[in-house]
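Read through the structure below, which is laid out as structure tokens, and then see the notes.
The values are calculated or read from the model by the stated rules, or taken from the named source; none is laboratory data. This is a predicted model, so every value here is computed, not measured. As a convention, Cβ positions derive from the backbone with ideal geometry for all residues, glycine included, and neighbour counts pool all protein chains shown. SASA here: full protein model, heavy atoms, side chains in, ligands and nucleic acids out. Shrake-Rupley method; radii C 1.70, N 1.55, O 1.52, S 1.80 Å.
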Amino acid sequence: MRSTLFIALAGVAVLAACSKTEPAAEPVRAVRTLTVANGAAGGTREYAAEIRARTESKLGFRVGGKITRRTANVGDTVKAGQVLAQLDPQDLKLAQESARAALAAAQTNLELANADYKRYKDLRDQGFISSAELERRDTALKSAQAQFDQARAQAGVQGNQAAYAALVADSNGVITGVDAEPGMVVAAGTSVVRLAQDGPRDVVFSVPEDHVSDLRALARKPGALKVRLWGSNDAVSASIREVAAAADAATRTFQIKADIGELPARLGQTATVLIELPQQSNVVRLPLSAVTELQGRTSVWLVDKNAQGVLSVKPQPIQVAGADGNTVVVAAGLAPGQVVVTAGVHVLSPGQQVKMYIEPTAQNGNPAAMAPAASAASR
């Protein structure tokens, strides 16, 4: 009984192995399409920007020492000559007093040398001493005069350094940063505060390297840019003042500075820079959804109809000239009249059969027309 059951099961297994399962037919996908047509391309480039002061200085003490107090904070408006921070002046005052004492000693020595020279000159005129002795007194007088000049200059230096114990603003402006606090011992030149000076303002933005040449050409045209401040719908004219000679080491972009004059904008306020692009005729524009990458090349899918009327797709490499909003400008690879797939390009394969997408029935009961290959109307 068992052997009979085993033989029956083996036969069923052999029959199952011999039968082949037919693969499921690949579904015919519905695609949206666009008929290629020549049009015009132009538009506007927009860059995110920031408002900065034309001149922003890092202010520090001209001598080293310990900071005893700082009166300026971030956001403070300061006037020229206003004290921003103070060093401990004790050592500087002692050095100034020492220089004054050295100056007094040099002055006394000079007066003595001058009196000796006059006395020896009278003796020389009376013939009591030789000319060589008078020359020695003249040399001593000149040496005393040089020592006095040196001491007077040193006293002036020490007086200046004593005054450098107070850090003062050299112009009107706004404090934009603080780099040192009271109690710190700083060296000469160490930044204590950052001051954005009053005056003209710049709008600063960065561009990729393929846009630098266009910006350099616009630098010779006053008012070539438009700037729109955040929260405002009005655009003002601006002129390019500076184009960076080298790319930023981190972002590999080039910094551009444009003059906006006395525009009442807050420091650090965001803005948008607008650049009008020249109009180009006889160009092809496609939506971004139509472009894909196949085997490392930018491509689109073309719809092809065979003699039996069956629709299929094939890849077509293209060359992109740039972007204009949500569309791309095609420089080469397409000809007017070709039909391009504009949606679902990532699920297609070469030779795959497709059909035109049919819009769903409208709510009023009137069926929507079949979506034909639409014309690429220029914007």
Accessible area (Å², per residue) of the stretch 43-154, counting only protein heavy atoms and a probe of 1.4 Å: 64 Å²
Per-residue ³J(HN,Hα) for the stretch 249-254, Karplus 6.51 cos²θ - 1.76 cosθ + 1.60, θ = phi - 60°, Hz, x for Gly and Pro: 5, 8, 8, 6, 10, 9
Phi-based couplings in Hz for the stretch 60-65 (Karplus 6.51, -1.76, 1.60; Gly and Pro marked x): x, 5, 8, 9, x, x
Chain lengthening between Arg228 and Gln126 when straightened (0.36 nm per residue, less Cα-Cα): 27.6 nm
Accessible area of the stretch 171-222 belonging to carbon and sulfur atoms, whole % at 1.4 Å probe: 52 percent
Whole-Å semi-axes of the stretch 71-150's equivalent ellipsoid (Cα gyration tensor): 52, 12, 8
Reach of Lys305 by Cα under 26 Å, taken over lysines that are not fewer than 8 positions away in the same chain: Lys314, Lys355
Separation in nanometres of the label points that stand 7 Å from Cα toward Cβ, at Val83 and Ala115: 4.3 nm
³J(HN,Hα) computed for each position of the stretch 90-105 - Karplus, 6.51 cos²θ - 1.76 cosθ + 1.60, integer Hz, glycine/proline x: 4, 5, 5, 5, 4, 5, 5, 5, 5, 5, 5, 5, 5, 5, 5, 5
Those lysines that a straight Cα-Cα span of less than 18 Å connects to Lys121, excepting residues fewer than 8 apart in one chain: Lys142
Protein accessible area in the stretch 100-156, 1.4 Å probe - carbon and sulfur %: 52 percent
Accessible area (Å², per residue) of the stretch 291-344, counting only protein heavy atoms and a probe of 1.4 Å: 52 Å²
Amide proton proximity set for Ser206, modelled H, under 5 Å, gap of 5+: Ile256
Extension gain, Val74 back to Val204 (0.36 nm per residue minus Cα-Cα distance, nm): 44.7 nm
Accessible surface, the stretch 193-251, averaged per residue in Å² (probe 1.4 Å): 56 Å²
Percentage relative contact order, the stretch 233-349, counting C-alpha pairs under 8 Å, at least six apart: 20 percent
Label-point gap, in nm, between Thr298 and Lys66 - each point 7 angstrom along Cα→Cβ: 6.5 nm
Segment Ala343-Val185, length gained on full extension (0.36 nm per residue, minus Cα span): 50.3 nm
Kirkwood-Stokes translational diffusion coefficient of the stretch 155-224, alpha-carbon pairs, 10 °C, 1.306 mPa s, µm²/s: 95 µm²/s
Distance between the stretch 164-207 and the stretch 286-333 - C-alpha centres, whole angstrom: 55 Å
Inter-probe distance in nm under a simple model that places probes 7 Å from Cα toward Cβ, at Lys221 and Arg54: 2.4 nm
Greater than 24 Å apart at Cα, pairs in Lys221/Lys257; Lys58/Lys226; Lys58/Lys221; Lys79/Lys221; Lys58/Lys257: Lys58/Lys226; Lys58/Lys221; Lys79/Lys221
